[in-house]
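The structure's right below; bear with me while I get my questions together.
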Amino acid sequence: MTAPEPPRKLPALTPETEAFWTGGKDGHLLIRRCTGCGRYQHPPTPLCPVCRTETMEPAPVSGRGTVRTFTVNHQQWLPGLSRQYVFAAVELPEQAELYVFSNILAPPEAVHGGMPVTVCFEHQEDVWLPLFRPENTPETPDAA
Ligand SMILES: [Zn+2]
């Protein structure tokens, strides 16, 4: 038996970000994409920065990515009990410099730049938080 973890701070849903935070419900990482030129845009913006089209629609991506940079957060949740979190910029293969910022479910010493990762989701209330785990590892967030 493991102690329940304090909840992460949940993001506020907006019309532009809702798909990103709820796509995990169906197992998809959804990134807004311009219907005009096909550019992915994340974080979402109202207008396509390339062609100025106003119609940006959520599109499922592969869910794979590559760790580009990361930091280790030392978060103390309970007195005397601290836990480390890896927070990373994950570049998606669908487009150069398309980044999702999230936690990597692995010990800090196991994370390195260029590391392949795969998305997984942590369901809390009406949000499915996209997290990443090392590629080819079982989906066991509690073991991270
Ligand atoms: Zn566009």
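When the residues of region 7-47 are filtered to those that are basic (K, R) and free of Cβ contacts under 8 Å to residues at least 40 places away in the same chain, which remaining residue is farthest from E91 (Cα to Cα)? Before you say what the answer is, go through the steps one by one.
Here is the first cut: in region 7-47, the residues basic (K, R) are 8-9, 25, 32-33, 39.
Within this subset, residues satisfying the condition of being free of Cβ contacts under 8 Å to residues at least 40 places away in the same chain are 9, 32-33.
Working: K9: 23, R32: 15, R33: 16 Å.
So, considering only residues that are basic (K, R) and free of Cβ contacts under 8 Å to residues at least 40 places away in the same chain, the one farthest from E91 (Cα to Cα) is K9.
Results for (1) at pLDDT below 90; (2) more than 8 Å from the ligand (Cβ to nearest atom), shown as yes or no for each residue.
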site	(1), (2)
K9	yes, yes
T14	no, yes
T17	no, yes
W21	no, yes
G27	no, yes
C34	no, no
P43	no, yes
L47	no, yes
E57	no, yes
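Step by step: first the residues of region 28-42, then only those that are out of contact with any helix residue (DSSP H, G or I) (no Cβ under 8 Å at 6 or more places or on another chain) and under 18 Å from F101 (Cα atoms), then the one that is surrounded by the most Cβ atoms within 10 Å (Cβ to Cβ). Which residue is that? Walk me through it before giving the result.
Let us first name the residues in region 28-42 that are out of contact with any helix residue (DSSP H, G or I) (no Cβ under 8 Å at 6 or more places or on another chain), namely 28, 33-41.
Next cut, under 18 Å from F101 (Cα atoms) only: 28, 33, 40-41.
Working: H28: 20, R33: 22, Y40: 16, Q41: 19.
Per the criteria, the residue is R33.
Give me a count of the residues in region 89-144 that are out of contact with any Lys or Arg (no Cβ under 8 Å at 6 or more places or on another chain), of a type in the set (D, E) and at pLDDT 95 or above.
Qualifying residue count for the region: 2.
The values are calculated or read from the model by the stated rules, or taken from the named source; none is laboratory data. Keep in mind the model is a prediction, meaning the values are calculated, not measured. Cβ: placed from backbone, ideal geometry, glycine included. Neighbour counts: every protein chain shown.
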